[in-house]
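Beneath this line is the structure, given in structure tokens, with notes to follow.
We did not get these values from a lab; they are worked out from the coordinates using the rules stated. All values reported here derive from a predicted model rather than from experimental measurement. Virtual Cβ from ideal backbone geometry, glycine too; neighbours counted across all protein chains shown.
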Amino acid sequence: MRQNIVAGNWKMNKTLQEGVELANELNTILASKTLNCDVVIGVPATHITEVVKTVDGAKIGVAAQNCADQVSGAYTGEISASMVKSTGAEYVILGHSERREYYGETNATLKTKTDLALANGLTPIFCIGEVLEEREANKQNEVVKSQIEEALFHLSADEFAKIVLAYEPVWAIGTGKVASPEQAQEIHAYIRSIVADKFGAEVADNTSILYGGSCKPGNAKELFSNPDVDGGLIGGAALAAADFVGIIDAF
Ligand code: PGA
């Protein structure tokens, strides 16, 4: 059975001290709870080591928000998948729309990053999603299909089985506009069908597909109650423990 997952994406927010404080607060709240989903926090690279030390790894997994598309060497400022792994992080968010839009990441780059993440034992949380004009032109299915095909279809079924997908309509990220539960279910089911066609029904059934884009405590339950929505990738609402826990409690 596939896992339900609530993953936070802190983006470029919080100093190290603030981040450790938030991780600590979250850890304390979750310690007394029985969780019905996996919980992951995607923190800035500078914070990973300390956050890993702060949280109970049995309850909270830690993610990097990116890794390099090279193994090692003269790539000033980059952080490799093996470096990420060596911090104790278990996950890496790849292909977030902000990386695609502001840092020019293409499906080809993301294919390489995915390979490196998998080779280093990291679980990619792989983001896909259409921009507003594409949704308005009813092209969302085409867009997500090509994102998955170009970056992930070279994998074997065993490799693909290690990927978590996150569908994030770009028009819903940080905008307060949220996909309706029907819109989310429709495209999540479509995404699962693409995975089934390529990798088989069993792999598709076991793939966690998260929804991202203005997910909040007030709308999480309705979104997560859809059969093909297996949790969320949470930006803004992951920056305050009470909000993030409110979303975790939706399961
Ligand atoms: P948001 O961000 O929850 O602030 O919309 C989601 C994301 O970008 O992962």
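Please go through segment 163-237 and write out the trypsin sites (Lys or Arg not before Pro) that DSSP classes as loop and that have at most 16 other C-beta atoms within 10 Å. Each step should come with its number before you reach the end.
Numbers: sites: Lys177, Arg192, Lys198, Lys221; in loops: Lys177.
Answer in residue order: Lys177.
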(request) Excluding residues on the same chain fewer than 8 positions from Lys53, give the aspartates and glutamates whose Cα lies under 19 Å from its Cα. (result) Glu18, Glu21, Glu25, Asp38, Glu90
(message) Rounded, prolate or oblate for the chain? Axes are the square roots of the Cα gyration tensor eigenvalues, ordered a ≥ b ≥ c, and the cut-off for rounded is a/c under 1.5.
(response) rounded
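Looking at this model, which pairs from Lys14/Lys177; Lys59/Lys85; Lys14/Lys216; Lys85/Lys221 are more than 28 angstrom apart at the alpha-carbon?
Numbers: Lys14/Lys177 24 Å; Lys59/Lys85 18 Å; Lys14/Lys216 20 Å; Lys85/Lys221 32 Å.
From the list (Lys14/Lys177; Lys59/Lys85; Lys14/Lys216; Lys85/Lys221), the Cα-Cα distance tops 28 Å for Lys85/Lys221.
Ranked from highest to lowest mean number of other Cβ atoms within 10 Å per residue, what is the order of the peptides 25-32, 204-211, 107-114, 62-69? Kindly include the intermediate steps, with their values, before the conclusion.
Working: 25-32: 15.1, 204-211: 21.5, 107-114: 19.4, 62-69: 24.0.
Going from most to least packed, we get 62-69, 204-211, 107-114, 25-32.
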(request) Check the straight Cα-Cα distances from Lys139 and name the aspartates and glutamates below 16 Å, setting aside those fewer than 8 residues away within the same chain. (result) Glu130, Glu149, Glu168, Glu186
